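The values are calculated or read from the model by the stated rules, or taken from the named source; none is laboratory data. These numbers were taken from a predicted model, which means no experiment stands behind them. With ideal geometry, Cβ positions are generated from the backbone for all residues, glycine too; neighbour counts draw on all protein chains shown. Just so you know, the surface numbers come from the protein's heavy atoms only, side chains and all, with ligands and any DNA or RNA stripped out. Shrake-Rupley method; radii C 1.70, N 1.55, O 1.52, S 1.80 Å.
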Amino acid sequence: MESNSLNIDMEKDQETAFDYSKRSPWIRAAVLGANDGLVSTASLMMGVSAVKPDVKTMILTGFAGLVAGACSMAIGEFVSVNSQYDIEVAQIKRESGEEIEEAKLPSPMLASVASAVAFILGATVPLLAAAFVKTYEMRIVVIAAAVTFVLVMIGWLGAVLGKAPVVKSLARTLIGGWLAMTVTFVVTTLFRSHFRSHGL
C-alpha cells in the first residue's frame with residue numbers, strides 16, 4: 001500500500017516538475033498552423049463562392065490557398081523561431097558566458113515543419129467538406145459545420161498539451177474562426193453587389 005502511494009506521489013512530482021514551456025514553440029506553431037490552414041482556406045473558399053459558387057472554383061481556390069499558405073507558414077515560422085533562437089543565445093552568453101545546451105532552445109526546423117504540416121491538415125478539412133456536396137447552400141453549411149468541429153478539437157488539444165484552461169481556449173478558437181469566415185463572406189458579397197450595381 002505504501003509502495004503504491006509512493007509511486008503515485010513520484011508521478012505527481014514528475015508531472016509538476018515537467019516544464020511545459022519547453023513545448024510552447026512547437027505547440028504554438030502546430031496550433032497556429034492548423035487553425036490558420038482551417039480558417040483561412042475555409043474563408044477563402046466561402047469568399048470566392050459569394051462571387052462564383054461552383055464547386056470547381058471553390059476547390060481550386062482552396063487548393064491554391066493550401067499550397068501558398070503552407071509554404072508561407074513554414075518560411076515565416078523558420079525565420080521567426082531562428083530570430084528567437086539568436087536572441088536567446090545572445091542573452092545566455094551575456095548573462096553567464098556558459099556553454100549553451102541546444103536541446104533547451106527552440107528548434108526552428110521543428111517549428112517550421114510542425115507549422116506547415118498542421119496548416120496542410122487544417123486546410124484539407126474544408127476542401128474535403130466541399131468536394132462531395134453538389135448544392136451551393138448545403139456546401140456552405142457543411143464547410144461551416146466541419147470547420148466548427150475541427151476548431152473545437154484544435155482548441156481542446158492546444159489547451160491539453162499546454163495545460164491551459166480548456167473553456168478559454170475553445171472560446172477564442174471558435175470565435176476567431178467564425179469571425180474570420182463571416183467577415184470574408186460578407187465583405188466579398190458587398191464587393192460583388194457593388195460591382196454588379198455599376199455593371200462590372
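Of the residues Met73, Met58, which is at pLDDT 85 or above, in a helix (DSSP H, G or I), in contact with a Leu (Cβ under 9 Å, 6 or more places away or on another chain) and over 27 Å from Ala171 (Cα atoms)? Break it down into steps so the answer makes sense when it comes.
Values: Met73 fails: over 27 Å from Ala171 (Cα atoms).
Testing whether each residue is at pLDDT 85 or above, in a helix (DSSP H, G or I), in contact with a Leu (Cβ under 9 Å, 6 or more places away or on another chain) and over 27 Å from Ala171 (Cα atoms) leaves just Met58.
Counting only residues that are touching a helix residue (DSSP H, G or I) at 6+ places or on another chain (Cβ under 6 Å) and not small (Gly, Ala, Ser), how many does region 177-191 have? Spell out how you get there, then give the answer.
Going residue by residue through region 177-191, those that are touching a helix residue (DSSP H, G or I) at 6+ places or on another chain (Cβ under 6 Å) are 177, 180-181, 184-185, 188.
Restricting the remaining residues to those that are not small (Gly, Ala, Ser) gives 181, 184-185, 188.
The qualifying residues number 4.
Among Leu127, Leu157, which is the only one that is farther than 18 Å from Thr61 by Cα and either among the hydrophobic types (A, V, I, L, M, F, W, C) or modelled with pLDDT under 90 (or both)? Explain how you work it out, then say what you get.
Numbers: Leu127 fails: farther than 18 Å from Thr61 by Cα.
Selected residue: Leu157, the only one of Leu127, Leu157 that is farther than 18 Å from Thr61 by Cα and either among the hydrophobic types (A, V, I, L, M, F, W, C) or modelled with pLDDT under 90 (or both).
Determine whether Val141 is assigned to a loop (DSSP other than H, G, I, E, B) and surrounded by 12 or more Cβ atoms within 10 Å (Cβ to Cβ). So that I can check it myself, show each step before the final result.
Working: assigned to a loop (DSSP other than H, G, I, E, B): no; surrounded by 12 or more Cβ atoms within 10 Å (Cβ to Cβ): yes.
Answer is no for this residue.
Take the conditions part of a helix (DSSP H, G or I) and open to solvent by less than 20 Å² (accessible area, probe 1.4 Å) and apply them to Val89. Does it pass? So that I can check it myself, show each step before the final result.
On the way: part of a helix (DSSP H, G or I): yes; open to solvent by less than 20 Å² (accessible area, probe 1.4 Å): no.
So Val89 does not fit the description; no.
Which members of region 152-182 meet the condition of being assigned to a helix (DSSP H, G or I), free of Cβ contacts under 8 Å to residues at least 60 places away in the same chain and farther than 16 Å from Val125 by Cβ? Steps first, please.
Of region 152-182, the ones assigned to a helix (DSSP H, G or I) are 152-162, 166-182.
In the following step, the residues that additionally are free of Cβ contacts under 8 Å to residues at least 60 places away in the same chain were identified as 152-153, 155-156, 159-160, 166-172, 174-175, 178-179, 182.
Within region 152-182, Ala159, Val160, Val166, Val167, Lys168, Ser169, Leu170, Ala171, Arg172, Ile175, Leu179, Thr182 qualify.
Scan region 33-49 and report the pairs whose first residue is closer than 13 Å to Thr124 by Cβ and whose second residue is assigned to a helix (DSSP H, G or I) and hydroxyl-bearing (Ser, Thr, Tyr), with Cβ atoms within less than 7 Å and a gap of 6+ or a chain change.
Gly33/Ser115; Met45/Thr61
For region 147-200, name all the residues that are more than 21 Å from Ala29 (Cβ to Cβ), under 15 Å from the mean Cα position of the chain (by Cα) and open to solvent by less than 60 Å² (accessible area, probe 1.4 Å).
If the condition is that a residue be more than 21 Å from Ala29 (Cβ to Cβ), under 15 Å from the mean Cα position of the chain (by Cα) and open to solvent by less than 60 Å² (accessible area, probe 1.4 Å), then Thr148, Ala171, Met181 are the ones that fit.
Please enumerate the residues belonging to region 60-84 that are farther than 19 Å from Arg192 by Cβ and open to solvent by 50 Å² or more (accessible area, probe 1.4 Å).
Within region 60-84, Phe63, Ala64, Val67, Ala68, Cys71, Ser72, Ile75, Phe78, Val79, Ser80, Ser83, Gln84 qualify.
So Ala171 passes all but one of these: (1) modelled with pLDDT of 80 or more; (2) farther than 24 Å from Leu60 by Cα; (3) in contact with a helix residue (DSSP H, G or I) (Cβ under 6 Å, 6 or more places away or on another chain). Which condition number does it fail?
Status for Ala171: all satisfied but (3).
May I ask you to list the residues in region 128-138 that are open to solvent by 90 Å² or more (accessible area, probe 1.4 Å) and within 21 Å of the chain's Cα centre (by Cα)? Let's see the steps before the verdict.
Filtering region 128-138 for residues open to solvent by 90 Å² or more (accessible area, probe 1.4 Å) gives 128, 132, 134, 137-138.
Hit for region 128-138 is Leu128, nothing else.
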